[in-house]
Amino acid sequence: MPTIKIDNQSITVAEGSSILNAARSAGIEIPSMCYLDGCSNHPSCMVCMVKNNANQQMIPSCATKVVDGMDLASEDAEVKEARKEAIELLMSDHVGDCEAPCRVACPAYMDIPKMNRFIANNQFDKALKIVKEEIALPGILGYVCSAPCEKVCRRKDVDQAVSICLLKRFSDEEAKEYLPEKKKANGKKVAVIGAGPAGLSAAYHLLLNGYGCEIFEKEDKAGGSLLNSIENDELPGDILVREIETLKQLGLVLNINQKITREQFTSLPQDFDAIILANGANGEVFDLEKGKSGLQVEVGTYATSSSKVFACGSIIRAQKMAVKAVAMGKEAAWSVHEFLSAGKAKATERLFNSRFGTLRKEELAEYLKESLEGNRVEAKSPKGYTKQEAIEEAKRCMHCDCRKLDNCRLRDCAEEYKIDRRRFALGERNSVVKYINHDSVIYEPEKCIKCGLCIEIAERHGEKTGLTNIGRGFTVKVAVPFKQELNEALKIAGRECAEACPTGALSMNN
């Protein structure tokens, strides 16, 4: 049995093993995209490269067999740069967004396309679950959100933006009994000063993460000046009551008519592991260290100059948009969670997001293949959509996001290696095309990296048509031969091909 070295670690493996599998057997993780266990190893992505220290050559680990005495490097700077370059080359002609523009524009980062898909499929409880993963007060925002998401909705280029805000309100109304699942209590407590949208949002996300949470509000009711200044015909009073009740069911202790004095504030650290100031634009600025003036808040982490004290919402800068205040509360809660669990406050980070820009006229037709034609559905009732109206409106969504948002290996590698999306992007990009004439899968060739896995899987299943490489060199494309349709090409192997695809080129249509 051959013995090799990878990063100075000796590994003994069976004869005929690939370097990739040898490394994985020793717990050394080498990224790969075109490799799949049980399929031929014909390297195309070159993401799995390692360096042969004997001659300094880069070799693909997925297709290179181990040779006794090999000395390899998988983690040095040169190897990482080579992998980064390979990923940037793959991304240079990748035409697809990871996140839909609406989600990117949402301050609270709500997965809007997924909510729409669940509503369109008559799964309202699942729709609200998606909403409540990111948004603490969906009932309130369903009425008062300024909907920045709708301003960038690609459906606007066809007729009218999808009515995202009303669909969010509908989800909350239709599944109002839903209570999010909490993590196990961790024994730590956080105090929040102020029960406005930022404070309520921070409390919500802390409670879900297993923290005890207590809010101190100087007024006789929650909501803060931002929500309580809204007229009742814009925001019905029972909505705020219901949102507060949900928080209480999650374990919130709400103290109203309780103004915290400076003396009381200095004693809070004895009872709480962290404190969040969310007491509004005119709220009193507290700190725990004498001799300091003003509120110094670190951008992104919301940590202040006082240890254990964080701040969010209008106390940092006046917020006119409730959704931004809610988003700040969520981000502050995340930073507090990092501080209490890992010892250091941390800013919320969004993953790598491929973006290809404005849709061309011919591409609008490709996106409309998945949506319902016609202008937005107007709610006949002031309360919002009926079930049928909501379903019809949700079906207008053009699904601009990637269906493999959470399991795209290309995105994972792009994030890990912090690539430059535009480094090798030369000339005019290709146009988006969608093949949707299949019962279970959708094919988007401009996301394909030509790994050939789907071709081999289809052949293994005995597909009469299957898929094949058409063209040569840089113009090669994976396509259905003989001008057949996708539903003829993949009668048996569709699901397996979609699951094996390392990008969102082949994906399940639901």
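Against the numbered list (1) farther than 30 Å from Gly427 by Cα; (2) in a helix (DSSP H, G or I), Ala161 comes up short only at (2).
Looking at region 181-203, which of the residues that are surrounded by fewer than 17 Cβ atoms within 10 Å (Cβ to Cβ) and under 27 Å from the mean Cα position of the chain (by Cα) is farthest from Ile140 (Cα to Cα)? Among residues in region 181-203 that are surrounded by fewer than 17 Cβ atoms within 10 Å (Cβ to Cβ) and under 27 Å from the mean Cα position of the chain (by Cα), the one farthest from Ile140 (Cα to Cα) is Asn186. Between Lys320, Lys344, the distinction of being more than 22 Å from the chain's Cα centre (by Cα), part of a loop (DSSP other than H, G, I, E, B) and modelled with pLDDT of 90 or more belongs to Lys344 only.
Is at least one residue of region 210-217 within 19 Å of Leu295 (Cα to Cα), in the same structural domain as Ala332 (by TED's automatic domain parsing), out of contact with any helix residue (DSSP H, G or I) (no Cβ under 7 Å at 6 or more places or on another chain) and aromatic (Phe, Trp, Tyr)?
First, the residues of region 210-217 that are within 19 Å of Leu295 (Cα to Cα): none.
Taking every residue of region 210-217 in turn, none turns out to be within 19 Å of Leu295 (Cα to Cα), in the same structural domain as Ala332 (by TED's automatic domain parsing), out of contact with any helix residue (DSSP H, G or I) (no Cβ under 7 Å at 6 or more places or on another chain) and aromatic (Phe, Trp, Tyr).
Just one residue in the set Val67, Val47 is hydrophobic (A, V, I, L, M, F, W, C), part of a loop (DSSP other than H, G, I, E, B) and under 28 Å from Lys434 (Cα atoms); that residue is Val47. Under 6 Å by Cβ, and 6 or more places apart or on different chains, what pairs join a residue from region 113-142 that is closer than 18 Å to Lys383 by Cβ with one that is of a type in the set (Ser, Thr, Tyr)? These pairs meet every condition: Ala127/Ser171; Leu128/Ser171; Leu128/Tyr178; Val131/Ser171. The condition (being farther than 30 Å from Pro502 by Cβ, in contact with a helix residue (DSSP H, G or I) (Cβ under 8 Å, 6 or more places away or on another chain), part of a helix (DSSP H, G or I) and of a type outside the set (Gly, Ala, Ser)) is satisfied by just one residue among Lys114, Lys132, Lys126: Lys132.
I need the full set of residues from region 100-114 which are basic (Lys, Arg) and buried (at least 24 other Cβ atoms within 10 Å of the Cβ), in order please. So that I can check it myself, show each step before the final result.
We begin by selecting, within region 100-114, every residue basic (Lys, Arg); these are 103, 114.
Arg103 - this is the single residue of region 100-114 that is basic (Lys, Arg) and buried (at least 24 other Cβ atoms within 10 Å of the Cβ).
For region 115-133, filtered to residues that are surrounded by fewer than 21 Cβ atoms within 10 Å (Cβ to Cβ) and of a type in the set (D, E, K, R), the residue that is nearest to Arg350 (Cα to Cα) is Glu133.
Here Lys184 fits the description: part of a loop (DSSP other than H, G, I, E, B), among the basic types (Lys, Arg) and more than 17 Å from Ala325 (Cα to Cα). Among the residues making up region 170-180, a single one is surrounded by fewer than 24 Cβ atoms within 10 Å (Cβ to Cβ), touching a Gly at 6+ places or on another chain (Cβ under 8 Å) and assigned to a helix (DSSP H, G or I): Glu173. Scoring Leu72 on the criteria (1) without any contact (Cβ under 8 Å) to a residue 60 or more places away in the chain; (2) closer than 20 Å to Pro2 by Cβ leaves a single failure, condition (1). Within region 192-203, at least one residue is in a strand (DSSP E or B) and at negative phi. Residues that are surrounded by fewer than 22 Cβ atoms within 10 Å (Cβ to Cβ), in contact with a Phe, Trp or Tyr (Cβ under 6 Å, 6 or more places away or on another chain) and in contact (Cβ under 8 Å) with a residue 40 or more places away in the chain do not occur anywhere in region 204-227. If you go through region 12-43 and keep only what is buried (at least 21 other Cβ atoms within 10 Å of the Cβ) and out of contact with any Phe, Trp or Tyr (no Cβ under 9 Å at 6 or more places or on another chain), you end up with Ile19, Ala22, Ala23, Ile30, Ser32, Met33, Cys34, Tyr35. Among the numbered conditions (1) under 19 Å from Cys408 (Cα atoms); (2) part of a helix (DSSP H, G or I); (3) more than 12 Å from the chain's Cα centre (by Cα), the only one that Val104 does not meet is (3). If you go through region 44-84 and keep only what is of a type outside the set (Lys, Arg) and surrounded by 21 or more Cβ atoms within 10 Å (Cβ to Cβ), you end up with Cys45, Val47, Cys48, Met49, Val50, Pro60, Ser61, Cys62, Val66, Met70, Leu72, Ser74.
Within region 353-379, residues that are loosely packed, with under 15 Cβ neighbours inside 10 Å and at pLDDT below 95 have Cβ atoms under 8 Å from residues that are of a type in the set (Gly, Ala, Ser) and not in a helix (DSSP H, G or I) in these pairs: Arg360/Ser431; Glu362/Ser431, counting only partners at least 6 apart in sequence or on another chain.
The residues on offer are Leu206, Leu141, Leu167, and the sole one that is in contact with a helix residue (DSSP H, G or I) (Cβ under 7 Å, 6 or more places away or on another chain), part of a helix (DSSP H, G or I) and within 24 Å of Lys259 (Cα to Cα) is Leu206.
The values are calculated or read from the model by the stated rules, or taken from the named source; none is laboratory data. No experiment lies behind these values; they were computed from the predicted model shown. Virtual Cβ from ideal backbone geometry, glycine too; neighbours counted across all protein chains shown.
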